[in-house]
Each structure stands twice: as structure tokens, then as C-alpha cells.
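Structure first, commentary second.
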Amino acid sequence: MYPSDPSSLEASRPPLLIKGPAVGPIARLNPADQSSFHHSLASFHRANQPQASALYKVAALQKLAESTQGRISVTDSACHIAAGMILSTLEIQQNSMKSSHWLWYACGAAKIVKTAGLDVDNLDHDTAALVGWVHYYNTLSRFSLRHWQPHVTLDPGDAADSFHPVVCGNGQPESLTGAPHEILYLLSEVFNAVTVPSDPRYETKAYRSHLKILDWRLRNLEKKALDNTASADATHPAFGLVVELYRLSTLIYLRRASAGILPLDQKFTTWVGQAFELLERLPACQWPFPLLIFGCEAESDKQRMIILDVMDRTTENMQYRNIATVKRVVETVWVQKDLFTEDMNYVQIDSAIPIAK
């Protein structure tokens, strides 16, 4: 599909047709402006050939550096954002156990979003989808760091460390509206907020009040989420279900991770039941976070079969991402839970499983 020499891509045709949020903005670029995307995509497709993949990755980074000297257009920015996100995805698949470069690429893409002023509402559909991709990665990276590197500050500001280069000090995209983005903002706040009972903040009134406010905001997002996704259901019938699944998984995670501050009451039980009904209705679920959360909640054989069935449906559909790692984590959680007679909260379970890291 791609030549062994990265330089030969310079004279190649426009990029192959691909599916995903990047295709619209990138298809409108001149071939000379597509080189960073070309090389990052080539490195992705060469993922099973480490040496060739590394050459394309270096070439992509060089093109990104060259193209950011001076002002760049919105379409150029979109191309560079897509290149960074592809490199981040590749790094997660290849080296996430060994390095933090996946985070660096995602942070770089977020910085371009903010520098180019793309975290606004008046974007075309394709660019909005691309910015949404960045927002999603930015948010879910906080969950990974919460349990993989719990000592790392999730909002490092201008400080650089082994996991946060200076580029990560720019934060997440701002001013994005709509139920999916609102849930991601709240999810990010939850990841930033929750701590363990041994933390001095746990006993403070301010901390407990903050968790209760987050819980209230998530509960009151329900009607708004349903209203905002109604128009999307015509073309993507499962879209509203996924948005609600994320809202429920955020609520469940918050209550579990609050370690007793928020109650596991009848509402909690109802939310869990609603989530499993949604999972049964979805044709597939490629999103790791809700799969992990409700995998952790699956107590009965029926609930565990629902999780396994939706994972099987997702795996059978080759257009979706590989969720094998999530499946292994969930099965490990089940083994851990079956060995303990009392409940463990999510912070304890997810932080104790090596495979989740």
C-alpha cells in the first residue's frame, strides 16, 4: 500500500480514501499540504513493520515541524491535527506500555485546535468531528493517567515532566457545545476531582460538595442530552444511545469512585439496569470506557453475557477498533471480584490490574 521510502510519498496521489473524522478537511487540501497526514497514515499502516513505521513517523514529525513555521490555514490545521491523532493512535497500539508519546501527540493536536481557534461552535461538520476526536482523546487520557500513573498531575499547567511536556499545558478544547461535549467536560472534571480516602482532601467539605455538584449536573443533563441528540437519530439511530451510555457510565464511575461520599442507592441500581438495556440494544460498542465501567458492574451471569455479546458483535464488525484489551481487563476484573466477598471501588480495582496499565 505504501512505499518503503517515505520520500517517495512526495509525488504520490492524494491520500487513499479512508473513513473517519479527518477525511473531509484533508480531502480538500492540495497534495503538497497533505504530507504530514500522508506520512502519519503510512506509519499507521506500517505498524506491523517497526523499522518502516519509525521512518514514516519521523518523516511525519519533520513535515509537521516544517509546516508550522508561520501562520497556517484552517484546512492545514485540520491536516496537522489528523496527523497528530493518527500518530497518537499508533503509539497507543505499539508503545503505550513503554512511553508517554501517545499523550504528547494528543496534547499537540489539542494545542493546534486552540491555536487555530477551532474550539468554537461555527465549524463545518467535518472539522467539528475532527475537533471532537481531539476532545475525546484528551478526556479519556485522563482516565488512563488516573489509574496508570496516579502520581501524575492531570492539569500540569506550564510544568513539564516525563509525562507532560510543555505542550500539554494548554488544556482541552473549550467552548464546544452539545450533549456529547458537555458529558466529556463533566467526565474530565470527574477524573480531575476524585481521590482516595487517604488523601487529606477527602474529608474536606469543599471536596464533598464538589462531588455532589458534579453528580447533580450529570443527573440533570439527562433531558438535555435526549433533546440534543434527537436530530442525530435520523441518520445515526445509535447515537443517542451512546451519548446516554456515556452519561450513565460517568455517573456510575463518579459514585463508585467517591468511596462512600455519594450513595449507591436505588437510583444507582436503576442507572446500572438502564445501561445494560442500552448495551443489549446497541449493534456494537467500540467505546472502551463504558465497556469497562459496566463490565465492572456486571454481577450476574446474564449481565456478563450482555457484555460479552456486545463485545463479540463489535469484534465481528471489522470497521470498529480492536477491543481485545478491554475484554481482557474486564475478565480480569471479574476474577478479582469473584475472589473478594466485599465490594472494591473502581479506584482500587482498576489501579491494581497490571493489564489495564
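I need the peptides 308-315, 107-114 ranked by packing, meaning the mean over residues of other C-beta atoms within 10 angstrom, with the highest value on top.
My ranking of the peptides, most packed first, is 107-114, 308-315.
For every other residue with a beta carbon closer than 14 angstrom to the beta carbon of L251, add +1 if it is Lys or Arg and -1 if Asp or Glu, then tell me the sum.
On the way: positive: K212, R217, R219, R247, R255, R256, K267; negative: E182, E189, D215, E222, E244, D265, E297.
The answer is 0.
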Quiz item: Based on the mean of other beta carbon atoms within 10 Å per residue, what is the order of 251-261, 124-134, most packed first?
Solution: 251-261, 124-134
Quiz item: According to a simple spin-label model (label point 7 Å from Cα along Cα-to-Cβ), what is the distance in nm between K114 and R304?
Solution: 4.4
Practice problem: Once you have the Cα-Cα distance between S198 and A129, take 0.36 nm times their residue separation minus that, and quote the gain in nm to one decimal. | Solution: 20.8 nm
Self-check item: M318-K205 pseudo-label distance in nm [points 7 Å out on the Cα-to-Cβ vector]
Solution: 6.2
Quiz item: Once both labels are modelled 7 Å past Cα along the beta-carbon direction, what's the T325-Q266 spacing in nm?
Solution: 4.1
Self-check item: Efficiency of FRET between D338 and T177 - r from beta-carbon atoms, R0 41 angstrom, step 0.05
Solution: 0.45
Quiz prompt | Above-threshold pairs, the threshold being 29 Å between Cα atoms, out of K267/K302; K111/K337; K111/K267 | solution = K111/K337; K111/K267
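Quick note: the coordinates plus some simple rules give every number you see, no bench work behind them. A quick note: this is a predicted structure, and the numbers were derived from the prediction, not measured. So basically every Cβ, Gly included, is an ideal-geometry build from the backbone, and we count neighbours across all protein chains shown.
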